[in-house]
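Asks: Sharing a structure with you now.
The values are calculated or read from the model by the stated rules, or taken from the named source; none is laboratory data. Note that this is a predicted model, so its numbers are computed, not measured. With ideal geometry, Cβ positions are generated from the backbone for all residues, glycine too; neighbour counts draw on all protein chains shown. Quick note on the areas: whole protein, heavy atoms, side chains included, nothing else; ligands and nucleic acids left out. Shrake-Rupley method; radii C 1.70, N 1.55, O 1.52, S 1.80 Å.
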Amino acid sequence: MHFRGLLLGASAALLVASSAHAADDVSQEEIASKFDVAFGATLTTQYVSRGIPQSDGVAIQGYIEPSYGWFYAGVFASNVGPTIASTAPATVEIDLYGGIRPSFGNLTIDLGYAHYFYNNGFGNAGELYLKPSYAFTDWFTAGAAVYYQVTAPAAFTYGEINAAFSLPYDFGISGAVGTDFGGNVSWNAGVSWTYQDTLTLDARVHSHPMWGTRVVGSVSVASTLNTLLGR
């Protein structure tokens, strides 16, 4: 009886330990599934933001964005200027940003803060942003965005509405119309093609009442850590 009791006790202890270990594994798996790192790079014929050219010509850009559940933070970098746009004669832009990006069914809400740094120190500013989007179907998504500049010498607000359509054979079209609420209305529209969710070719027209109309071509590569790890 004593031996049998010891055997049963040992078995129970082993079962508890195994269950606890399994729970730890599940917890670690859940944590790993919620953590990800997105990253990418773009080569574009010109860096244009809100209809305003930010570079004289070709720009090379990159970003990295770690996230956990709803929460994310990231850094974006690009060459700018040196003679065009409001930040001249800066040659480098580095943006630090972070926020939350919860989803409720087909609705996604992106709420965060971004701070823009330029190597000449002029034009450095911070913005709060709110970017809701809704996937009406598998092939149509529409959204809006509002940016409120909070650290510049004067407050500045920019808003836009946007839409994207998925087409057969990995093509897509997208566009946006925006305003600075000061009489300037800008817009962009373009077509893109994506290969295996990684490589994207994009041709886009940008127009601004003060900066004119220009056609921009870009090639981008992007992926995530979980994709590379097969999660």
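Asks: Between a first residue in segment 37-48 that is within 14 Å of THR200 (Cβ to Cβ) and a second residue that is of a type in the set (Asp, Glu) and surrounded by fewer than 17 Cβ atoms within 10 Å (Cβ to Cβ), which pairs have beta carbons less than 7 Å apart while being 6 or more apart in sequence or on different chains?
Replies: none
Asks: In the list PHE71, PHE39, which residue meets the criterion of being aromatic (Phe, Trp, Tyr), touching a Ser or Thr at 6+ places or on another chain (Cβ under 9 Å) and farther than 18 Å from TYR147 by Cβ?
Replies: PHE39
Asks: Further question: Considering each of VAL16, VAL37, VAL26 in turn, give the residue that is of a type in the set (A, V, I, L, M) and either modelled with pLDDT of 95 or more or under 23 Å from the mean Cα position of the chain (by Cα) (or both).
Replies: VAL37
Asks: If you take the residues in segment 197-231 that are touching a Ser or Thr at 6+ places or on another chain (Cβ under 7 Å) and in a loop (DSSP other than H, G, I, E, B), which one is most open to solvent (accessible area, probe 1.4 Å)?
Replies: Per the criteria, the residue is ARG231.
Asks: Ok, one more. Of the conditions (1) aliphatic (A, V, I, L, M); (2) open to solvent by less than 50 Å² (accessible area, probe 1.4 Å); (3) farther than 24 Å from LEU199 by Cα, LEU111 clears all except one; give me its number.
Replies: The single condition LEU111 does not satisfy is (2).
Asks: Which members of segment 69-94 meet the condition of being under 12 Å from the mean Cα position of the chain (by Cα), open to solvent by less than 20 Å² (accessible area, probe 1.4 Å) and not small (Gly, Ala, Ser)?
Replies: TYR72
Asks: Something else: Kindly evaluate GLY182 against the criterion of being open to solvent by 50 Å² or more (accessible area, probe 1.4 Å) and of a type in the set (Gly, Ala, Ser).
Replies: So GLY182 passes the test.
Asks: Something else now. Restricting attention to segment 134-157, report how many residues are closer than 23 Å to LEU96 by Cβ, surrounded by fewer than 16 Cβ atoms within 10 Å (Cβ to Cβ) and not β-branched (Val, Ile, Thr).
Replies: Here the count works out to 6.
Asks: Given the structure, is LYS131 under 26 Å from THR179 (Cβ atoms), free of Cβ contacts under 8 Å to residues at least 40 places away in the same chain and open to solvent by 50 Å² or more (accessible area, probe 1.4 Å)?
Replies: Against the criterion (under 26 Å from THR179 (Cβ atoms), free of Cβ contacts under 8 Å to residues at least 40 places away in the same chain and open to solvent by 50 Å² or more (accessible area, probe 1.4 Å)), LYS131 qualifies.
Asks: How do the pairs read when you match residues in segment 196-209 that are acidic (Asp, Glu) with residues anywhere that are in a strand (DSSP E or B), using Cβ under 6 Å and keeping only pairs 6 or more apart or on different chains?
Replies: Once the first residue is acidic (Asp, Glu) and sits in segment 196-209, its partners that are in a strand (DSSP E or B) give ASP202/GLY190; ASP202/SER192; ASP202/SER218.
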